[in-house]
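Read the structure below first, then the notes.
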Amino acid sequence: MQKSAAIQQAWDRKYPEQVVLVITKSPDDRINLMAVGWVTLVSDEPPMFICGIDDPAYTLELIRRNKEFVIAYPSRAMAKETLYAGTVHGHEIDKGKISGLRFEASSKVGVPLLSDAVANFECRLVTEYRPGNCPLIVGEVVASSVNTDERVTRLINAGKGYLLQ
């Protein structure tokens, strides 16, 4: 049975939801990463992701400038680092270095992969939409990789207030 509810009350019940790290690179080669929950596949031929990234985010600025990014699915062991990446702004700092996460070269874009992620998707910007107050970035997947250890599992956001597990 359903009852009418305010949108915020209903949103509070939508968990668990996925969380990814969107990785970009600054002109001075600093690695920037941002935790994003609003992400999904929007095409399988060609493969494409869409993600919502707020206007003031340095990540959005770098995607617009460089036209490329990596979507990394962090492992459960990366909860602390993912929370850091999603709550600290990267305009003036090297979030990649400070996070303590490990990175490795990608094969098709100039943005590194997250070494210990469950999976990485190298993307090139296709377009940007603004259906509401949050820009939506569409990226075509040009290469992908997976962790060699199949026991490594994805991190999820299990509840309001960034309950990462």
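The values are calculated or read from the model by the stated rules, or taken from the named source; none is laboratory data. Just so it is clear, the structure is predicted and the values come from calculations on it, not from any experiment. Positions of Cβ are backbone-derived with ideal geometry, glycine not excepted, and every protein chain shown enters the neighbour counts.
Residue-by-condition table, conditions (1) in a loop (DSSP other than H, G, I, E, B); (2) of a type in the set (Gly, Ala, Ser); (3) surrounded by 15 or more Cβ atoms within 10 Å (Cβ to Cβ):
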| residue | (1), (2), (3) |
| --- | --- |
| Glu81 | no, no, yes |
| Tyr84 | no, no, yes |
| His91 | yes, no, no |
| Lys108 | yes, no, no |
| Pro131 | yes, no, no |
| Val141 | no, no, yes |
| Ser145 | no, yes, yes |
Subject >> Qualifying position, being in contact with a helix residue (DSSP H, G or I) (Cβ under 9 Å, 6 or more places away or on another chain) and either without any contact (Cβ under 8 Å) to a residue 40 or more places away in the chain or in a strand (DSSP E or B) (or both), among Thr40, Thr24 >> reply: Thr24
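Would you mind stating whether Asp116 is surrounded by 13 or more Cβ atoms within 10 Å (Cβ to Cβ), touching a strand residue (DSSP E or B) at 6+ places or on another chain (Cβ under 7 Å) and either over 26 Å from Asp28 (Cβ atoms) or of a type outside the set (A, V, I, L, M, F, W, C) (or both)? Working first, answer last.
Values: surrounded by 13 or more Cβ atoms within 10 Å (Cβ to Cβ): yes; touching a strand residue (DSSP E or B) at 6+ places or on another chain (Cβ under 7 Å): yes; either over 26 Å from Asp28 (Cβ atoms) or of a type outside the set (A, V, I, L, M, F, W, C) (or both): yes.
So Asp116 passes the test.
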Original post:
Of all residues in region 1-21 being free of Cβ contacts under 8 Å to residues at least 60 places away in the same chain and among the aliphatic types (A, V, I, L, M), which is nearest to Ala85 (Cα to Cα)?
Top reply: Val20
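Residue-by-condition table, conditions (1) in contact with a Gly (Cβ under 9 Å, 6 or more places away or on another chain); (2) of a type in the set (S, T, N, Q); (3) under 20 Å from Tyr73 (Cα atoms); (4) at pLDDT below 95:
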residue: Lys97; (1), (2), (3), (4): no, no, yes, yes
residue: Phe103; (1), (2), (3), (4): yes, no, yes, no
residue: Pro112; (1), (2), (3), (4): yes, no, yes, no
residue: Ser115; (1), (2), (3), (4): no, yes, yes, no
residue: Phe121; (1), (2), (3), (4): yes, no, yes, no
residue: Arg124; (1), (2), (3), (4): yes, no, yes, no
residue: Pro131; (1), (2), (3), (4): no, no, no, yes
residue: Glu140; (1), (2), (3), (4): no, no, yes, no
residue: Ala143; (1), (2), (3), (4): no, no, yes, no
